[in-house]
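Derivation of every value follows stated rules applied to the coordinates shown; laboratory data play no part. Please read all numbers here as calculations on a predicted model, not as lab measurements. Note: ideal-geometry Cβ built from the backbone for every residue, glycine included; neighbour counts use all protein chains shown.
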Amino acid sequence: MSDNHIDQKVLGELQEVMEDDYLRLLETFLEDSELRLGELHKAKSADELGHAAHSFKGSCGNMGAVVLAELCRQLEDRVKQQPLYGIEDLINQIDREYDAVRQLYRDECRRVSVG
Amino acid sequence: MVDHQPLTVLIAEDGAADRLLLARIVRNQGHAVLTAENGEEAVALFAEKRPQLVLLDALMPVMDGFEAARRIKKLAGETMVPIIFLTSLTEEEGLVRCLEAGGDDFLAKPYSPVILSAKINAMDRLRRLHATMLQQRDEIARHHNHLLNEQRVAKAVFDQVAHAGCLSAPNIRYLQSPYALFNGDLLLAAFTPTGEMHVLLGDFTGHGLPAAVGAMPLAEVFYGMTAKGYGLAETLREMNAKLKRILPVDMFCCALLLNLNFERRMVEVWNGGMPDGYLLSASGGEPLPLVSRHLPLGVLDSAQFDEQTEVWPLAPDDRLFLLSDGVVDTCDEHEQLFGVERLKQALVANRQPERLFEDVLQALERFGGQSRDDVSLLEIRAVAPQVLAPPPVVYSDSGESSPLDWSLSFEFRAQTLKRFNPLPYLMQVLQEIHGLRIQSGALHSVLNELYSNALEHGVLGLDSSLKRDASGFAAYYQERSRRLQGLQEGFIRLHLHVEPQEGGGRLIIEVEDSGKGFDVGRVLARPLVEQRLCGRGLSLIRRLSRHAEWADEGRRARVEFAWEALA
């Protein structure tokens, strides 16, 4: 897995800002992301989908998950253009990217708790 | 950047990680943090804790940031609570909605601690500026109310003093703004004990309270001296001296004073710095201007002050029209003054005397001037003396200790005659006699006549036939003043003799002068009309006293007053 998924500079800054709470921030992000993904999958309208994508995009951006944030942005844009054919593709991409990113954040958690 | 004080900052953000991060950033900058997960929580928390600054996510469940912003601004009322929207919204429409909901700034995701700190500081400056402005506004309002209240009190006190006068007399009409006092405008009128009417229209320099402070002492001198029977000259001298003493150099009072003698049908005028007043003859013709010939009151030292008056005849229904500079100095939009000529035209064009004010005001309106709040108008009509009933003088003592058996003699010589008017002083002595008080008007008038006869015709040798027409009238009084100034010798002797008589008593007044005397028989034989204008007021003296006679070829007058036992 390449480091392109996460902006390491952002992670560095986050650790500096959060100090002792850095680990908690990482864990909170992962929990929150599960909720966001759940919302993406459960969305019953274009509006709900766009809203979930928007929120997820914001927190991914803050956490340095640049690829995931970009995918969310694309989804948010795509939702505004009916019809929604092929939108599942984009959601699947987000799922896959999240799987990758989750692993990286878990590694980071381990690194911090050991360190 | 360390000048900021710690604030309480409310953060409303539905993403748990974002909330955690933002709270940490803000805390690291030294502020206290409150967090909410949605708009509803944010509003409740705001109402409870009143944070000074709010960071609001635009899109939140339950209640979004727009609605929360509206409610928070409403709760905040006048206090400025800056709201910074947290948003990754990029379309214009979303940003506009943030501002419309009351947002003051934006913070884009991902959050930058540096930018957030700068924005919080900028918003805090704005907030404090706003608070200072509100505080100053309230302070100004407080001061303003305080000032208004002071003016109300000052006006109430002043009205008590000013209303001692006779502005409500049936022959006086006036128009003045209710707060004219604070424009420096002053209007006073009072009867002398002899039923003459003294009127003052004044205009102090300046505006507001400084313009009003001089009014009180001026009114007191005016009323005090008028009530005691002093003439315009003495009153003017005293007012000038008092104002000169108490006012700062750049403050003085323009004033026009009138002494209207309805019995002798004449008006005495002194104008120092006021716009021309006018004498409007009942028989029509050009209005006679009453021109300013003096500096205002309070400018000159007593030694330089000139109290010389002009005297004009006053026929029944003649009117005097006085005004403040607010009338002639009214400007139109081209900075042109209304001016004296337009005023004169309005006066001449006036057909119904009772509509004079309306005509003048209409002329002002047609002129299109910016209406000023310091316009004072005053009109006095000449009437028969009996139309006016001067209020009875109220005496504070019971009269039990009236002195009833005495006499006194005075001799007033040239240097005294020039400046001193002994009559108010003598009247005060005579007022001690309880039984004479109901006749005090007549007594005043008779004493006045006797004294002026002795002075003008006796000591000064003036010929009363000069007073036959208006110009002669003015010339007569100019000559009087000239001769009085140059007076080197001569005297007036005054004897008062009081004795008890069958329960009541009588007063004998003898006035003797150093003049040439006059042919008593010839003067008394003249028709009454002629006597009135130039007949030494002999008929008046005879009418008002119980007995009057002249001896020593008219050089000595002897007049008697008597009174019955008091109930």
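What does the C-alpha gyration tensor say about the overall shape of the range B:163-387? Classify as rounded when a/c is under 1.5, otherwise prolate if a/b is larger than b/c, or oblate.
oblate
Using square roots of five times the C-alpha gyration tensor eigenvalues, list the equivalent-ellipsoid semi-axes of chain B in whole Å, biggest first.
Calculated on Cα positions only, the semi-axes equal 80, 26, 20 Å.
I want to check the label-to-label distance for residue A:112 and residue B:317. Put each point 7 Å from Cα in the C-beta direction and report it in nm to one decimal.
10.8 nm
Express as a percent, rounded to the nearest 5, the fraction of DSSP beta bridges in the protein assembly as shown (both residues included) that run antiparallel.
80 percent
Please report B:498, B:96 as a ranked list, fewest other C-beta atoms within 10 angstrom at the top and most at the bottom.
B:96, B:498
As a footprinting exposure proxy, order B:270, B:312 by other Cβ within 10 Å, with the fewest listed first.
By the 10 Å Cβ count, ascending, the order reads B:312, B:270.
Restricting to DSSP H runs of at least four residues, report the calculated mean residue ellipticity at 222 nm for chain B, -39500 (n - 2.57) per run over all residues, nearest 500 deg cm²/dmol.
Mean residue ellipticity at 222 nm (helix-derived): -12000 deg cm²/dmol.
Give me the net charge for the shell around residue B:102: Cβ to Cβ below 12 angstrom, other residues only, Lys and Arg +1, Asp and Glu -1.
Residues near residue B:102 contribute +1 overall.
May I ask you to compute the full-extension gain from residue B:420 to residue B:516, defined as 0.36 nm times their residue separation minus their alpha-carbon distance, rounded to one decimal in nm?
Between residue B:420 and residue B:516, full extension yields an extra 32.3 nm.
Let me know the charge dipole size of chain B about its Cα centre in debye, to the nearest 20, where only the beta-carbon of Lys, Arg (+1) and Asp, Glu (-1) is charged.
1040 debye
Using per-residue counts of other Cβ atoms within 10 Å, averaged over each peptide, order B:450-462, B:283-295 from highest down.
Packing order, densest peptide first, comes out as B:450-462, B:283-295.
For the range A:21-104, run through the trypsin sites (Lys or Arg not before Pro) and keep only the ones in DSSP coil with at most 14 other Cβ atoms within 10 Å of their Cβ.
For trypsin sites (Lys or Arg not before Pro) across the range A:21-104 that sit outside H, G, I, E and B with at most 14 neighbouring Cβ atoms in 10 Å, the list reads A:44, A:80.
Using the alpha-carbon atoms, what tilt in degrees (0 to 90, nearest 10) does helix B:339-349 show relative to the longest principal axis of chain B?
60 degrees
Sketch the reach of a paramagnetic label on residue B:207 as a point 7 Å from Cα along Cα-to-Cβ, and name the residues of the range B:290-325 whose backbone nitrogen lies under 16 Å away.
B:325
Averaged over its residues, how many other protein chain Cβ atoms are within 10 Å of peptide A:16-26's Cβ atoms?
Partner Cβ neighbours, averaged per residue: 3.
Provide a whole-number value for the mean count of partner chain Cβ atoms within 10 Å of the Cβ atoms in peptide B:8-19.
Across B:8-19, the average partner-chain Cβ count within 10 Å equals 5.
Report, as an integer, the average count of C-beta atoms from other chains found within 10 Å of each Cβ along B:109-122.
Across the residues of B:109-122, the mean count of other-chain Cβ atoms within 10 Å is 2.
Taking chain A as the reference, fit the longest principal axis to its C-alpha atoms, fit the long axis of helix A:66-79 to the helix C-alpha atoms, and give the angle between the two in degrees, 0 to 90, nearest 10.
Rounded to the nearest ten degrees, it is 20.
Can you list the aspartates and glutamates whose alpha carbon is less than 20 Å from that of residue B:119, not counting same-chain residues fewer than 8 positions off?
A:13, B:3, B:13, B:18, B:57, B:100, B:104, B:105
Dipole of chain B (Lys/Arg Cβ +1, Asp/Glu Cβ -1, origin at the Cα centre): which of B:111, B:305, B:430 lies farthest to the positive side?
It is B:430.
Starting with the fewest neighbours, write out B:79, B:132, B:192 ranked by other beta-carbon atoms found within 10 Å of each beta-carbon.
By the 10 Å Cβ count, ascending, the order reads B:132, B:79, B:192.
Restricted to Cα positions, what overall size does the range B:8-134 have along the principal axes? Three whole-Å values, descending.
Result for the range B:8-134: principal-axis Cα extents of 36, 30, 29 Å.
On a 0 to 90° scale, report how tilted helix A:46-63 is relative to the longest principal axis of chain A, with both axes built from alpha carbons and the result rounded to the nearest 10.
With rounding to tens, the tilt is 20 degrees.
Just tell me which lysines come within less than 30 Å, Cα to Cα, of residue A:44; anything on the same chain fewer than 8 places away is out.
Answer for residue A:44, where 30 Å is the Cα cut-off: A:57, A:80, B:109, listed by chain and number.
May I ask you to list the trypsin sites (Lys or Arg not before Pro) in the range B:56-159 that are in a DSSP loop and have at most 14 other Cβ atoms within 10 Å of their Cβ?
In loop regions of the range B:56-159 (DSSP not H, G, I, E or B), there are no sparsely surrounded trypsin sites (Lys or Arg not before Pro).
Which whole-number percent of Cα pairs in the protein assembly as shown have a distance greater than 51 Å?
Roughly 47 percent, rounded to a whole number.
R0 = 35 Å: FRET efficiency of residue A:34 with residue B:134, Cβ-based, nearest 0.05?
Efficiency for this residue pair is about 0.15.
Relative contact order, percent, of chain A when contacts are C-alpha pairs under 8 Å separated by at least 6 residues?
Averaging sequence separation for qualifying contacts and normalising by length gives 31 percent for chain A.
Could you check how many percent of all C-alpha pairs in the range B:406-563 are farther apart than 21 Å?
When all Cα pairs of the range B:406-563 are counted, 46 percent exceed 21 Å.
For the range B:258-332, what class follows from the C-alpha gyration tensor (a ≥ b ≥ c being the square roots of its eigenvalues): rounded when a/c is under 1.5, otherwise prolate if a/b is larger than b/c, else oblate?
oblate
What is the packing order of peptides B:42-51, B:358-367, taking the mean over residues of other C-beta atoms within 10 Å and listing the highest first?
The peptides rank, most packed first, as B:42-51, B:358-367.
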